[in-house]
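For reference, the structure is listed below as structure tokens.
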Amino acid sequence: MTSEFLPADGLLGSLDLLQVTLGGSVAHVRMNRPAKRNALSDTLVQQLHSAFVNLPEHIGAAVISGEGAHFCAGLDLAELVERDVVGGVLHSRMWHAAFDAVQFGRVPVVAVMHGAVVGGGLELAAACHVRVAEASAYFGLPEGQRGLFVGGGGSARLPRLMGVARMSDMMLTGRTLGSDEAVQAGLAQYLVPDGEGLARGIALARRIAGNAPMSNFAVMHALPRIADQSQSDGLFTESLMAAVAESTPEAQERLRAFLDKRAGKVERP
């Protein structure tokens with residue numbers, strides 16, 4: 001826990017498998033099963049769902065990370081039980097609901113990844129909006145070798161990040177990607193040295209939380225849907241979303257600040 005973050009005790013209910021702390025407008029949600037490499041049990045998935053659904057109103061962005069040596073090693077195979085088809089579908093849909101609460105919730109989410117980002121852990125990271133990889137991070141989809149198929153939304157999200165061919169390669173051959181390969185493949189946008197991921201993730205989250213809320217909402221909810229539409233439908237949706245965003249009082253104040261030279265300009269990197 002960074003010094004400026006305080007526990008969210010009592011605000012989000014009982015979340016014994018998560019450490020949730022709040023620092024200003026940013027929430028830090030840390031998976032807390034280090035002995036299990038933060039493997040996703042049903043209880044942990046349900047607690048992630050609860051945490052993101054119940055974030056306090058003043059929170060404008062969130063960071064998710066893993067305690068210990070790994071981000072998340074995927075499905076907790078110790079909990080894998082025989083299910084009939086209906087049970088299997090319902091179990092997958094429970095994961096979908098939790099990860100949808102991350103991707104299509106109220107605030108943008110930054111994933112800070114180190115160590116294993118495997119299986120369901122990669123599916124969780126794919127539901128986030130910005131991904132920071134430390135040098136130690138490695139990425140895999142071992143479901144093919146386990147006799148399984150992704151069930152946490154990976155087949156819908158990961159091809160949009162890295163393409164069907166790369167995902168097929170990882171699932172069919174068991175290939176893992178190092179952190180630099182993951183950035184090149186589109187699984188992460190930032191690569192930082194080991195131990196520096198959380199600071200970068202929090203800094204990014206603070207910057208995101210400073211945006212106009214409707215602009216963040218549009219990026220989270222409208223942009224992925226526009227990408228799935230035909231060009232003509234997408235352009236119409238864009239016009240509607242642009243009109244909504246620019247008509248908010250906060251947007252109008254920010255535009256006035258720019259015109260009055262009270263706001264910074266875009267600078268070269």
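Derivation of every value follows stated rules applied to the coordinates shown; laboratory data play no part. Treat the numbers as computed from the prediction; the structure is a model and nothing was measured. Counting neighbours? That spans all protein chains shown, and the Cβs are built from the backbone with ideal geometry, glycine included.
Any chance you could give the angle, 0 to 90 degrees and rounded to 10, that helix 85-103 forms with the longest Cα principal axis of the chain?
30
To test your reading of the geometry: what angle, between 0 and 90 degrees and rounded to tens, separates the Cα axis of helix 164-173 from the longest principal axis of the chain?
20
Rounded to a whole number, what is D in µm²/s for the range 213-259 from Stokes-Einstein with the Kirkwood radius over alpha-carbon pairs (4 °C, 1.567 mPa s)?
On the way: Rh = 11.3 Å.
It comes out at roughly 115 µm²/s.
Separation of the range 89-150 and the range 10-75 by C-alpha centroid, Å?
Result: 13 Å between the Cα centres.
Relative to the longest principal axis of the C-alpha atoms of the chain, give the angle of the C-alpha long axis of helix 42-53, reported between 0 and 90° and rounded to the nearest 10°.
10
Pull out the extension gain between THR248 and LEU235, defined as 0.36 nm times the separation in residues minus the alpha carbon to alpha carbon distance; nm, one decimal. Mind dumping the intermediate values first?
On the way: separation 13, 0.36 × 13 = 4.68 nm, distance 2.06 nm.
Gain on extension, THR248 to LEU235, equals 2.6 nm.
For GLY74, which sequence-distant residues (separation of 5 or more, or a different chain) have an amide H within less than 5 Å of its own amide H, given hydrogens modelled in the peptide plane?
LEU40, VAL118, GLY120, GLY121
What are the trypsin sites (Lys or Arg not before Pro) within the range 129-223 that DSSP puts in a loop, where the Cβ has at most 14 other Cβ atoms within 10 Å?
Working: sites: ARG131, ARG146, ARG157, ARG160, ARG166, ARG175, ARG200, ARG206, ARG207; in loops: ARG175.
When the trypsin sites (Lys or Arg not before Pro) of the range 129-223 are filtered for loop state and at most 14 Cβ neighbours within 10 Å, ARG175 remain.
How would you rank 242-252, 113-123, highest first, on the average number of other Cβ atoms within 10 Å across their residues? Don't skip to the answer; put the middle values down first.
Numbers: 242-252: 12.8, 113-123: 26.5.
Per-residue Cβ counts within 10 Å, averaged per peptide and sorted highest first, yield 113-123, 242-252.
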